[in-house]
Amino acid sequence: MTKWVRRRRTALVAAVAAATVLASACGAGGRSEGDSGGGAADPGITEDSVKVGAHFPLTGVAAPGYSAIPTGAKAYFDYVNANGGVHGRTIEYVYRDDAYNPTNTSQVVNELVLQDEIFAMVGGLGTPTHSAVLDFLNSNGVPDLFVSSGSLLWDQPEQNPMTFGWQPDYEVEGKIIGKYVKENFPEAKVGLFLQDDDFGRDGEKGARAYIDDQIVAAERYAPGNTDIGPQIAALQAAGADLVIGFNVPSYTALSQLTALRLNYQPQWIYSNVGSDPALVGALLGRFSEGKVTDSSMLDGAITTEYMPGVDESDDPWTQLWRKVWDAHGGEEGELSNYRIYGMAQAYTFVQALQAAGPDPTRQGLVDALEQVGGELRGPAFVPFRYSADSHAGMSGVKVVRIKGNGSEDLSPVQVTDNGDAEITEYTEEQATPPANGIPDVQPAG
Amino acid sequence: MQQFVNVTLGGLSQGAIYAAFALALVLIWRATRIINFAQGSMAMFTTYVALVLIEAGHSYWLAFGAALLGGLVLGAVVERLVIRPVEGGPALNAVIVTLGLFVAFQAIAALLFGSSFESFPAPFGLSGFRVGEFTVAFTPFSAFVIGSVVVVMLGLVALFRFTDVGLRMRASAFNQEVARLLGVRVGGMLTLGWALAAAVGSLAGLLIAGGNLVHPAYMDGVIVYGFVAAVLGGLDSPGGAVVGGLLIGLALSYVSGYLGSELVTLAALAILVAVLLVRPHGLFSRAAERRV
């Protein structure tokens, strides 16, 4: 069946691609009088503006938390625009709702590319969703930067030359978690709670590299099916006393609720993407009756971090994000880790756009990122792995324990790479933000 | 063993919810001979009404009552305003209209209440009962769910079998012309059928929401499995709906627990096809009698 679907999708992509060629051929003819600028032949870029787009789940099962990411990115772009933009261009940011449904993603990305004529995709979210548009974006030559997902799919420069990852991939995260468990819980019987797609598979692969012999059960949930009682019951029955979850935040809440029902109390470890204590706390908040209060349910759970969060109010990066949010997004709600994620991604995009020089083209943007991407420093604790041969995002995380709405460190920042690469401690001092809050990257090459 | 017990109990409580939903479908089918695809959306809507009341600081039970009452009113209003005008035409028209309502209610709910996930409180504890040293996947709230479903089922059986109103409702659904000749106020009966069905649907919505997360589409899964349950039971029999609901709940729970959660939807379809192949009118129907 997969094969059939894939074939149909290929046919669809081909049809759409053909339509695009036609559309852009017509479009180029009609538009030529407007843009006389040097490198402004690509869609979405003019003398004074550049348009970028993204798809996010603003509704549906993955919306809690993730729907806040584009509001953060928008706030940071507004901040940059208010301070003169990048090479004199303001950044126009359009994002659309795909409800975490790959069919919708194909449709909204078509609209973004063909109708809104974006210059580049920045931060499109989700493993199942974004894989549906990977071919389309690459065959149309649209830079597909900083996918909001840690899947390994984004690092295939041969096959998908326009696509770049951003956050640490799930395999790297799984490996670092696995090593931590091996060293600190050598006797634990480990259960895995996995989203049934590349997200769960990559995480599992990383974890198994270190604790294959400790894993007693691996249970998978289909996103959308909210009854996970049978899965949690199976983990409990297998005697797992430590559960590693590679799941989205609403399933963190569901797994906690189901475990409460079964009085199942293993040591929980959630991957970074599913572990935001403020969000999970808000989801579980109403079940209180004294038993569950706010985020206390996640207290003591272990997770990972790769950049400072909203609770670290002394951190200069967090202070920058707060300043940006107060000036450009404040009325939409509180600053949260998800908004910071969006801002940090927007920050990296501004760096990339600066590196692409005063007259960026789509190909130029990708080339610049391959050349200098590995040297970019920002809010993350660790560098990116970008080069001509690698489009992989950040190289590591640190392991932390959730405490209230914040966290305490359990391990130093560690870096590694996919496959057999060793895990090593990362010692470079974290960069401080530029004084005006806007990066200053010199054009590459 | 512990896993088997927990998967079974989890399946039973899920099944009870499907049964509640199937009961609403049976009710509306018996009272009006229409399948109401909007049932789930209407239930979701009244559940949100309850959530708004709870957020405003009212007690759970007040909100619970208000949602049931809201369901009653909503059902009556929908029947009078939307279904009545298409009732004389081909039967399919009304069904298509309910499909439209299904989409419309979800959209309105998203506009009014937002489309993000919200937790919905439960009136009873959410930790399972302890049996010896084990905690089983059966909570005080699950007991409440199953209890409510049994009460509703008995109520429906009593309504249709022992009361005058029930008889008149069946007569109106069966043959409007004849019922009218016999002095039954058919219009009133149809409205009553819709109102009662929507109230039972609201109950299903509240039961599945309790201790869980709600959003405008949270009933979608229940709608599908509730339909399967109702059709399994034969669409005509309240007892059949409950048995169908519990069977589906158990079967899906075993599939999810032992085979994989990605197979749940497929399994529901497989069960439906298998049962209809063997018993085309459902497990509990005596459809032949209808072919007068």
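The values are calculated or read from the model by the stated rules, or taken from the named source; none is laboratory data. Here the structure is a predicted model, which is why all the values come from computation and not from measurement. Cβ atoms come from the backbone with ideal geometry, glycine included; neighbour counts cover every protein chain shown.
Being away from every other protein chain (no Cβ under 14 Å) and either under 29 Å from B:P216 (Cβ atoms) or in contact with a Ser or Thr (Cβ under 8 Å, 6 or more places away or on another chain) (or both) narrows it down to one residue among A:I176, A:I232; which is it? Unique residue meeting the criteria: A:I176. The condition (being more than 14 Å from chain A (Cβ to nearest Cβ), farther than 26 Å from B:A122 by Cβ and not in a helix (DSSP H, G or I)) is satisfied by just one residue among B:V184, B:V178: B:V184. Of the candidates B:F37, B:F129, B:F113, the single residue that is without any contact (Cβ under 8 Å) to a residue 24 or more places away in the chain and surrounded by fewer than 21 Cβ atoms within 10 Å (Cβ to Cβ) is B:F129. None of B:V184, B:V214 is touching a Ser or Thr at 6+ places or on another chain (Cβ under 8 Å), hydrophobic (A, V, I, L, M, F, W, C) and under 15 Å from B:G40 (Cβ atoms) except B:V214. Being modelled with pLDDT of 85 or more, more than 14 Å from chain B (Cβ to nearest Cβ) and surrounded by fewer than 19 Cβ atoms within 10 Å (Cβ to Cβ) is a property that holds for A:Q319. Summed over region B:247-262, the residues that are surrounded by fewer than 23 Cβ atoms within 10 Å (Cβ to Cβ) and either among the β-branched types (V, I, T) or more than 9 Å from chain A (Cβ to nearest Cβ) (or both) give a count of 4. For region B:8-31, a residue qualifies if it is surrounded by fewer than 24 Cβ atoms within 10 Å (Cβ to Cβ) and out of contact with any Lys or Arg (no Cβ under 7 Å at 6 or more places or on another chain), and the qualifying residues are B:T8, B:L9, B:L12, B:W29.
A:G191 meets each of the listed conditions (1) surrounded by 24 or more Cβ atoms within 10 Å (Cβ to Cβ); (2) touching a residue at least 60 places away in the same chain (Cβ under 8 Å); (3) more than 14 Å from every other protein chain (Cβ to nearest Cβ); (4) not charged (D, E, K, R) apart from (3). One residue stands out in region A:234-247 among those that are surrounded by 24 or more Cβ atoms within 10 Å (Cβ to Cβ) and touching a residue at least 60 places away in the same chain (Cβ under 8 Å): the one that is farthest from the chain's Cα centre (by Cα), namely A:I244.
Comparison of B:V145, B:V152 shows that the only residue that is within 14 Å of another protein chain (Cβ to nearest Cβ), in a helix (DSSP H, G or I) and either surrounded by 20 or more Cβ atoms within 10 Å (Cβ to Cβ) or touching a Leu at 6+ places or on another chain (Cβ under 7 Å) (or both) is B:V145. If you go through region A:51-107 and keep only what is farther than 16 Å from A:S250 by Cα and among the β-branched types (V, I, T), you end up with A:V52, A:T71, A:V80, A:V86, A:T90, A:I91, A:V94, A:T103, A:T105. Among the residues of region A:207-217, none qualifies, meaning not one is among the small types (G, A, S), buried (at least 24 other Cβ atoms within 10 Å of the Cβ), away from chain B (no Cβ under 11 Å) and within 18 Å of the chain's Cα centre (by Cα).
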